[in-house]
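Asker: First, the structure itself, so that you have it in front of you.
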Amino acid sequence: MVKYLRTIADFLFPPACPLCDTPVSVHGQLCAKCWGEINWIANPKCIKCGYPFPANIDLGQNPLCPVCAAGKCELDWIRSACVYDDASKNAVLPFKHAAKINYAKFMARAMINALQDLYIDADIIIPIPLANRRLFHRGYNQATLLARPIAKEFNLKLDLNSVVRKYRPDMGHKNARERAQNISGVFSIKNPSAIKGKRILLVDDVMTTGATFAEIRKVLLKAGATAVYGITFCRVVRAI
Ligand SMILES: [Zn+2]
Ligand SMILES: [Zn+2]
């Protein structure tokens, strides 16, 4: 019956690439052209922060980037599905600012793929919260839309209430130090008993400098979290 209804739905609303409307075989899937334009992160990559290394260098079994080798990774590990560039921006900006919430399906699927080579021992999943004022204005938290299918896939409890965020004006194009200062003190824990003793997987759409992750991790560890991991759809990749 479900299959029958799906056939009718597909007839009425044929599956199309969310980015360019080209017909595709499955709802929510990207067409081959759009898929091919995105710079997906593959091996070799840093085992802690997922920083992509050039494909032609052999770094052995457990490569570490210089930042993580110096013990400066923002989280216990971080992964991102793709590089933040013009192609991924084309998906992320409308998803975040123009209510293109139907993008969540392919973005979350790509994030699930990026987690496949890890053993996921997280207890709960927390999307990076928005300040209430921003949530009210935007109508949705894009990180929550990504976290839902990931929580379902890995059978993790989705926690939307334990961490709250104060409103701060937009960070814009600030440098790493200014971003860290701007984010300092914005997160607080509303429900410490939900955090204590837990391993937490954080979800966000983009990782820019990692300042947001570093700040929220500090607050979570103070509340007794035992590990903090992260997954984003895309990340800024600078030469290191
Ligand atoms: Zn397309
Ligand atoms: Zn690294």
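Quick note: the coordinates plus some simple rules give every number you see, no bench work behind them. All values reported here derive from a predicted model rather than from experimental measurement. When we count neighbours, we look across all protein chains shown, and the Cβ atoms used for this are built from the backbone with ideal geometry, even at glycine.
Asker: Ranking S88, S25, S80 by Cβ neighbours within 10 Å, fewest first, what do you get?
Answerer: Arranged by neighbour count, lowest to highest, S88, S25, S80 become S25, S88, S80.
Asker: Mind listing the phi-derived Karplus ³J(HN,Hα) values for the stretch 117-126, rounded to whole Hz, using 6.51, -1.76 and 1.60 with θ = phi - 60°, and x for any glycine or proline?
Answerer: 8, 10, 8, 8, 10, 5, 9, 9, 10, 10
Asker: I want to check the label-to-label distance for F154 and N43. Put each point 7 Å from Cα in the C-beta direction and report it in nm to one decimal.
Answerer: Between F154 and N43, the simple spin-label model gives 1.9 nm.
Asker: For the chain, find the longest principal axis of its Cα atoms and tell me its angle to the long axis of helix 104-114, 0 to 90°, nearest 10.
Answerer: 60 degrees
Asker: Please determine, in degrees from 0 to 90 and to the nearest 10, the orientation of helix 211-222 with respect to the longest principal axis defined by the Cα atoms of the chain, where the helix direction is its Cα long axis.
Answerer: Approximately 60 degrees, to the nearest ten.
Asker: So what's the gap between the Cα centers of the stretch 42-84 and the stretch 163-236, to the nearest angstrom?
Answerer: When both Cα centres are located, 20 Å separates them.
Asker: For the chain, find the longest principal axis of its Cα atoms and tell me its angle to the long axis of helix 2-12, 0 to 90°, nearest 10.
Answerer: Taking Cα atoms only, the helix is inclined about 80 degrees.
Asker: A further question on this structure: What is the chain's relative contact order, in percent, from Cα pairs under 8 angstrom and six or more apart in sequence?
Answerer: Computed value for the chain: 20 percent relative contact order.
Asker: Further question on the same structure: Residues with amide H under 5 Å of Y51's amide H, sequence separation 5 or more or different chain, H placed in the peptide plane at 1.01 Å from N; which?
Answerer: C46
Asker: Taking just the alpha carbons, could you work out the radius of gyration and Dmax for the stretch 86-232, both in angstroms?
Answerer: 14.7, 42
Asker: Which residues in the stretch 10-38 place their backbone N less than 12 Å from a point set 7 Å from the Cα of A98 along the Cα-to-Cβ direction?
Answerer: What the label zone holds, given the 12 Å backbone N cut-off, is 19-20.
Asker: Please list, in chain and number order, the residues 5+ apart from C82 or on another chain whose amide H is under 5 Å from its amide H, with Hs placed from the backbone.
Answerer: Distant-sequence amide H within range of C82: I41, C234, R235.
Asker: Okay, moving on. Please identify the longest segment of the chain free of exposed chymotrypsin sites (Phe, Trp or Tyr not before Pro), where exposed means a DSSP state other than H, G, I, E or B and no more than 14 other Cβ atoms within 10 Å. Mind showing how you got there, number by number?
Answerer: Working: sites that count: Y119, Y140, Y167.
Segment 1-118 is the longest.
Asker: Just to confirm the filter: which trypsin sites (Lys or Arg not before Pro) across the stretch 203-240 are DSSP coil and have at most 14 other Cβ within 10 angstrom of their Cβ?
Answerer: Numbers: sites: R217, K218, K222, R235, R238; in loops: R238.
For trypsin sites (Lys or Arg not before Pro) across the stretch 203-240 that sit outside H, G, I, E and B with at most 14 neighbouring Cβ atoms in 10 Å, the list reads R238.
Asker: So what's the net charge close to R177: Lys and Arg +1, Asp and Glu -1, counting the other residues with Cβ under 15 Å from its Cβ? Before the final figure, lay out the partial values.
Answerer: On the way: positive: K72, K174, R179, R238; negative: E74, E178, E215.
In short, +1.
Asker: Another question, if that's okay. So what's the back-of-envelope 222 nm ellipticity for the chain, counting only DSSP H runs of four-plus at -39500 (n - 2.57) apiece and dividing by all residues, rounded to 500? Intermediate results must be reported in sequence, preceding the final value.
Answerer: Details: 10 runs with 88 residues, N = 240.
Rounded to the nearest 500, it is -10500 deg cm²/dmol.
Asker: Give me C17, C82 ranked fewest to most by other Cβ atoms within 10 Å of their Cβ, as a rough exposure proxy.
Answerer: Ascending Cβ contact count within 10 Å gives the list C17, C82.
Asker: Let me ask something else. Determine the percent antiparallel among the DSSP beta bridges restricted to the chain, to the nearest 5. Write down the numbers at each step before the final one.
Answerer: Details: 6 of 26 bridges.
Within the chain, antiparallel bridges account for around 25 percent of the total.
Asker: Let me ask another. If you scale each eigenvalue of the Cα gyration tensor by 5 and take the root, what three semi-axes come out for the stretch 1-99, rounded to whole angstrom and sorted largest first?
Answerer: Values: eigenvalues 269, 46, 38 Å².
Rounded to whole Å, the semi-axes are 37, 15, 14.
Asker: Given R₀ = 41 Å, FRET efficiency for A131-A32 by Cβ-Cβ distance, to 0.05?
Answerer: Working: r = 39 Å, r/R0 = 0.95.
The formula returns an efficiency of 0.60 here.
Asker: Right, next: Given the Cα-Cα distance of N191 and V83 and 0.36 nm per residue of separation, how much length would full extension add, in nm?
Answerer: Values: separation 108, 0.36 × 108 = 38.88 nm, distance 3.40 nm.
Net length gain for the segment: 35.5 nm.
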